[in-house]
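The values are calculated or read from the model by the stated rules, or taken from the named source; none is laboratory data. For clarity, every value in this text was computed on a predicted model and none was experimentally measured. Backbone-built Cβ (ideal geometry, glycine too); neighbour counts: all protein chains shown.
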Amino acid sequence: MSNPEISVGFEIEAGEWGDEAALEGMAHRAIDATFAQLGVVSGSSELSILFTDDASVQALNRQWRNKDKPTNVLSFPAFPVQPGDKLSPMLGDIVLAHETVLREAEEEAKPFEHHLTHLLVHGLLHLLGYDHENDEQAEHMEGLERRILESLAIPDPYG
């Protein structure tokens, strides 16, 4: 069994994210676990991950979603896709806001790395066509997230 070939571009734009190599390792583990859970074993694609701050995410959220507030993660698919579609040449972008991710981890008494991994998985699932616009979609997506994180020895983020 082979794995999909995913080229990942990383950028730390702002925020106190810590060691870049550790972030990249965490992201690659999240990506690999997501594709393994979904049974994606072939194909090639690209995605980018931007580690930034609340101000940058708030500006993007305002511009693209008409919500003038920061959020933990934003996903920008390069192409419209549905769950199970063949990998497109480019998946899109995942953008994370440091202050919000840190605050949520602290409020929920979770290790920062666990929460960040969850948000990387969540963002990637959006790029792969998954959503949570209604209860059925949310239940399915959350179930995938639970199984992916369990494979990484991370407790249920919704428990």
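Tabulated values for the structure
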{"item": "Test: Asp85 is farther than 30 Å from Asp19 by Cβ and not small (Gly, Ala, Ser)", "result": "yes"}
{"item": "Every residue from region 1-16 that is in contact with a helix residue (DSSP H, G or I) (Cβ under 7 Å, 6 or more places away or on another chain) and either part of a strand (DSSP E or B) or over 19 Å from Asp85 (Cβ atoms) (or both)", "result": "Ile6, Val8, Phe10, Ile12, Glu13, Ala14, Gly15, Glu16"}
{"item": "Output for region 56-83, where each listed residue is among the hydrophobic types (A, V, I, L, M, F, W, C), within 18 Å of Glu99 (Cβ to Cβ) and in contact with a helix residue (DSSP H, G or I) (Cβ under 8 Å, 6 or more places away or on another chain)", "result": "Val57, Val73, Leu74"}
{"item": "Region 34-56, residues that are surrounded by 13 or more Cβ atoms within 10 Å (Cβ to Cβ), small (Gly, Ala, Ser) and in a loop (DSSP other than H, G, I, E, B)", "result": "Gly43"}
{"item": "Failed item, numbered, when Asp54 is tested on (1) at negative phi; (2) over 17 Å from the mean Cα position of the chain (by Cα)", "result": "(2)"}
{"item": "Among the candidates Glu104, Glu139, Glu133, residue that is over 18 Å from Leu47 (Cβ atoms) and either polar (S, T, N, Q) or at pLDDT 95 or above (or both)", "result": "Glu104"}
{"item": "Filter result for the condition that a residue is in contact with a helix residue (DSSP H, G or I) (Cβ under 9 Å, 6 or more places away or on another chain), of a type outside the set (Lys, Arg), part of a helix (DSSP H, G or I) and without any contact (Cβ under 8 Å) to a residue 24 or more places away in the chain, over Glu99, Glu106", "result": "Glu106"}
{"item": "Unique residue being in contact with a strand residue (DSSP E or B) (Cβ under 6 Å, 6 or more places away or on another chain), of a type outside the set (Phe, Trp, Tyr), surrounded by fewer than 22 Cβ atoms within 10 Å (Cβ to Cβ) and assigned to a helix (DSSP H, G or I) when the list is His114, His126", "result": "His126"}
{"item": "Residue within region 17-33 that is assigned to a strand (DSSP E or B), in contact with a Phe, Trp or Tyr (Cβ under 6 Å, 6 or more places away or on another chain) and either aromatic (Phe, Trp, Tyr) or closer than 19 Å to His114 by Cα (or both) present", "result": "no"}
{"item": "Any hit, region 147-155, residues being of a type in the set (A, V, I, L, M, F, W, C), more than 17 Å from Arg29 (Cα to Cα) and not in a loop (DSSP other than H, G, I, E, B)", "result": "no"}
{"item": "Flag for Ala138 being part of a helix (DSSP H, G or I), out of contact with any Cys (no Cβ under 6 Å at 6 or more places or on another chain) and under 20 Å from Leu50 (Cα atoms)", "result": "no"}
